[in-house]
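Taking it in order: structure first as structure tokens, then the write-up.
The values are calculated or read from the model by the stated rules, or taken from the named source; none is laboratory data. Just so you know, these numbers come straight off a predicted model, no measurement behind them. Heads up, the Cβs are rebuilt from the backbone with ideal geometry, glycines too, and the neighbour counts pull from every protein chain shown.
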Amino acid sequence: MTLPFDISPDQPVLIAGPTASGKSALALRIAEAQGGVIVNADALQVFQNWRVLTARPSIEDEARAPHVLYGHVAGDAQYSVGHWLRDIAPHLSGPERPIIVGGTGLYFAALTEGLVEIPETPAEIRARADARRFDEGGHAGILAELDAEDPETAQKIDRLNPMRVQRAWEVLRATGRGLAAWQADTPPPALPLPACFPIVMEADRDWLNARIARRFDLMLRDGALDEARANLASWDPALPSAKAIGAPELIAHLLGEMTLSQAKEAATVATRQYAKRQRTWFRARMKAYHKISLP
């Protein structure tokens with residue numbers, strides 16, 4: 001792979017793209033050609049307990065260039081974009097320029113646009129909101145309260161999206177302060193986009209789907225099922241690490257709930273759906289990024 005653009009060796013690089021699009025290969029090519037440290041921006045590759053299934057760089061690739069923020073979080077830990085921003089901070093001012101690569105669009109947005117950390121919603125408030133939407137047959141009631149108590153937020157959110165409305169209502173109830181007011185206090189970004197060389201991979205759907213299917217076969221060959229077996233005793237579907245694509249399906253197979261063939265098909269479908277969501281995010285939020293069209 002040749003470098004697709006004239007990139008300064010002193011400039012931080014961002015590489016975003018859907019799963020299986022070749023982001024890690026491009027990051028490694030840039031690091032070997034120009035130097036730099038490859039920094040993970042994938043919300044699932046941070047976890048220790050899923051290496052094969054999350055397609056973390058191989059040990060051989062990690063030996064070719066420095067890699068950080070891969071597999072550094074325990075599988076039973078909670079981890080958020082706020083944690084990631086704190087973890088990446090030392091690498092933004094270190095001796096080697098960062099080459100930040102991953103498929104988690106929210107990480108890139110928080111890094112280049114800033115992130116306001118709103119306190120977590122207590123479980124009882126979320127349960128109240130869930131119950132009201134169920135009992136009232138929709139979100140009109142909580143939207144009416146939002147209109148009356150926090151009109152600034154009510155006019156800014158997608159009023160037809162029940163989850164957006166519920167989130168805004170929960171923030172108001174939990175903090176006594178509207179979501180719009182919280183967002184107005186967003187701090188400056190840790191790495192402004194103009195300071196970077198941002199790249200987004202735009203993959204043809206059929207080409208990418210074929211790669212996704214092949215890659216899951218390779219994951220099984222490389223030990224994904226053994227990896228799932230090692231996670232079986234401590235499996236908790238509520239943990240962030242349990243969102244690794246393919247993990248629920250392989251665990252279900254090990255529990256006798258589906259055949260391996262069924263697990264493989266379900267995981268492949270889930271990966272395709274995830275890639276579709278990623279492409280939608282990138283098209284909407286990464287218009288200023290340099291595009292690489294694939295294949």
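Given the conditions (1) of a type in the set (Asp, Glu); (2) out of contact with any Gly (no Cβ under 6 Å at 6 or more places or on another chain); (3) modelled with pLDDT under 95, which single one is not true for Glu117?
(2)
What's the number of the only condition in (1) of a type in the set (A, V, I, L, M, F, W, C); (2) more than 21 Å from Gln278 (Cβ to Cβ); (3) touching a strand residue (DSSP E or B) at 6+ places or on another chain (Cβ under 7 Å) that Ala63 fails to meet?
So the condition that Ala63 fails would be (3).
Between Arg164, Arg211, Arg229, Arg205, which is surrounded by 15 or more Cβ atoms within 10 Å (Cβ to Cβ) and either more than 30 Å from Ala129 (Cβ to Cβ) or acidic (Asp, Glu) (or both)?
Arg211
For Val200, which of the numbered conditions (1) at pLDDT 95 or above; (2) outside any strand (DSSP E or B) fails to hold?
(2)
Can you give me the number of residues within segment 87-128 that are within 18 Å of Lys287 (Cα to Cα) and assigned to a helix (DSSP H, G or I)?
Result for segment 87-128: 9.
Right, Gln78: more than 21 Å from Ala195 (Cβ to Cβ), modelled with pLDDT under 95, surrounded by fewer than 18 Cβ atoms within 10 Å (Cβ to Cβ) and under 17 Å from the mean Cα position of the chain (by Cα) or not? Can you show your working first?
On the way: more than 21 Å from Ala195 (Cβ to Cβ): yes; modelled with pLDDT under 95: yes; surrounded by fewer than 18 Cβ atoms within 10 Å (Cβ to Cβ): yes; under 17 Å from the mean Cα position of the chain (by Cα): yes.
When the stated conditions are applied, Gln78 passes them.
I'm trying to understand the selection: among the residues of segment 33-47, which are within 22 Å of Leu294 (Cα to Cα) and either in contact with a Phe, Trp or Tyr (Cβ under 6 Å, 6 or more places away or on another chain) or at pLDDT below 95 (or both)?
Ala33, Asn40, Ala41
Assuming Ile245 fulfils every condition listed in (1) assigned by TED's automatic domain parsing to the domain that holds Leu26; (2) buried (at least 19 other Cβ atoms within 10 Å of the Cβ); (3) in a loop (DSSP other than H, G, I, E, B); (4) not polar (S, T, N, Q) apart from one, which condition is it?
Every condition holds for Ile245 apart from (1).
Might you let me know whether segment 29-44 holds any residue that is part of a loop (DSSP other than H, G, I, E, B), under 21 Å from Ala224 (Cα atoms) and of a type in the set (A, V, I, L, M, F, W, C)? Spell out the reasoning first.
Taking segment 29-44 and keeping what is part of a loop (DSSP other than H, G, I, E, B), we get 35-36, 41-44.
Adding the requirement that they be under 21 Å from Ala224 (Cα atoms) leaves 42-44.
Checking which are of a type in the set (A, V, I, L, M, F, W, C) leaves us with 43-44.
The answer is yes; a qualifying residue exists.
From Ala144, Ala154, Ala168, grab the single residue that is at pLDDT 95 or above and closer than 21 Å to Ser80 by Cα.
Working: Ala144 fails: closer than 21 Å to Ser80 by Cα; Ala154 fails: closer than 21 Å to Ser80 by Cα.
None of the others qualify; the one that does is Ala168.
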